[in-house]
Amino acid sequence: MAGARKTRVAILISGRGSNMAALMEAARDPAYPAEIVLVVSNRPGAAGLERAAAAGIPTRAIDHTAFADRAGFDAALDATLRAADIDLVCLAGFMRILTPDFVAAWAGRMLNIHPSLLPLFKGTHTHRQALDAGVRLHGCTVHFVVPELDAGPIVAQAAIPVRQDDDPESLADRVIVQERRLYPAVLALVAGGRARLEGTRVVIAEAAPDGALFSL
Ligand code: GAR
């Protein structure tokens with residue numbers, strides 16, 4: 001819609017930023033309802049920062065090791081996001097636990113992508129966890145962030161079959177392909193007002209192209 005204000009998104013990363021790149025690529029479409037206006041990393045050396053800068057997106061490094069505690073880092077992060085007039089925060093490989101106060105301040109306005117079918121396999125080494133559990137399906141989840149780690153209302157998931165000869169690396173290689181597809185689709189839904197929080201669940205408008213969100 002001409003003249004409509006797009007949702008202003010900040011992406012938080014800690015590493016290579018391939019999900020970030022997928023979000024940036026999707027947002028190049030003039031019809032996409034969100035614009036990526038800032039990329040922030042807690043690690044100054046994160047490769048994703050250079051990638052974002054090369055694409056012309058403003059970047060900020062806020063080195064968490066420079067702060068005495070989590071609250072100090074989160075306050076700096078919060079101030080940075082507010083200064084940039086951010087509407088929605090996307091965690092994309094952001095490997096830092098956020099304080100309950102920060103999460104409360106961004107409640108309903110912060111998404112995360114996690115490399116498992118939540119609520120299974122929270123935390124790290126999710127592909128190893130999936131293999132150890134012997135599941136036949138694995139995948140990724142985009143959810144709203146709540147204070148509890150890797151919990152919170154699920155917006156969408158993508159699944160892949162687990163093969164007999166899979167190892168953590170081969171699973172990671174196939175799951176990340178789905179992540180890069182799922183996250184841009186979910187951001188479009190949320191920014192476009194077609195996915196909304198209703199209590200602890202997310203309701204997706206009927207018009208949502210759910211065929212694009214669930215895959216095998
Ligand atoms: C992705 O697989 C993402 O799901 C995961 O880190 C990777 C980052 O890759 N995130 C978490 O494990 C968060 N708990 P990327 O930097 O290439 O997007």
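Where a number appears in this text, it was derived from the coordinates with a stated rule and is not lab data. These numbers were taken from a predicted model, which means no experiment stands behind them. Ideal geometry is used to build each Cβ from the backbone, glycine not excepted, and the neighbour counts take in all protein chains shown.
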**Complete:** So for R0 = 22 Å, FRET eff. of Ala61-Ile97 from the Cβ-Cβ r, to 0.05, ends up at 0.75
**Request:** Taking H placed 1.01 Å from N in the peptide plane, check which residues at least 5 places from Ala151 or on another chain put their amide H under 5 Å from its amide H.
**Result:** Val146
**Request:** Sticking with the crude label model, points 7 Å out along Cα→Cβ, report the distance from Gln164 to Arg5 in nm, one decimal please.
**Result:** 5.8 nm
**Message:** I want the local charge near His127. Using Cβ-Cβ distances under 11 Å, sum +1 for each Lys or Arg and -1 for each Asp or Glu among the other residues.
**Reply:** -3
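Roughly how many debye, to the nearest 20, is the charge dipole of the range 1-149 about its Cα centre, given +1 on each Lys and Arg Cβ, -1 on each Asp and Glu Cβ, and no other charges? If you can, show how the numbers build up before the last one.
Working: 15 positive and 13 negative charges, 54 e Å.
I would put it at about 260 debye.
Per residue Cα convex hull volume for the range 64-137, in cubic angstrom?
Working: hull volume 8.2 nm³, N = 74.
Given the Cα convex hull of the range 64-137, per-residue volume reads 111 Å³.
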**Item:** Phe94 long-range amide H proximity, modeled H, under 5 Å
**Value:** Ser14
**Request:** Grab the Cα-Cα distance for Glu148 and Lys122, subtract it from 0.36 nm times how many residues apart they are, and report the gain in nm with one decimal.
**Result:** 8.3 nm
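Between Ala104 and Asp173, how high is the FRET efficiency from 1/(1 + (r/R0)^6) when r is the Cβ-Cβ distance and R₀ = 35 Å? Nearest 0.05.
Numbers: r = 36 Å, r/R0 = 1.03.
Approximately 0.45, to the nearest 0.05.
Out of every Cα-Cα pair in the range 1-61, what percent are more than 18 Å apart? Present the calculation step by step, with values, prior to reporting the outcome.
On the way: 542 of 1830 pairs.
Roughly 30 percent, once rounded to a whole number.
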**Shape of the range 87-216, Cα gyration tensor, a/c cut at 1.5** = oblate
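Applying 1/(1 + (r/R0)^6) with R0 = 25 Å to the Cβ-Cβ distance of Leu137 and Ala31, what FRET efficiency is obtained, to the nearest 0.05?
On the way: r = 33 Å, r/R0 = 1.30.
With a Förster radius of 25 Å, E is 0.15.
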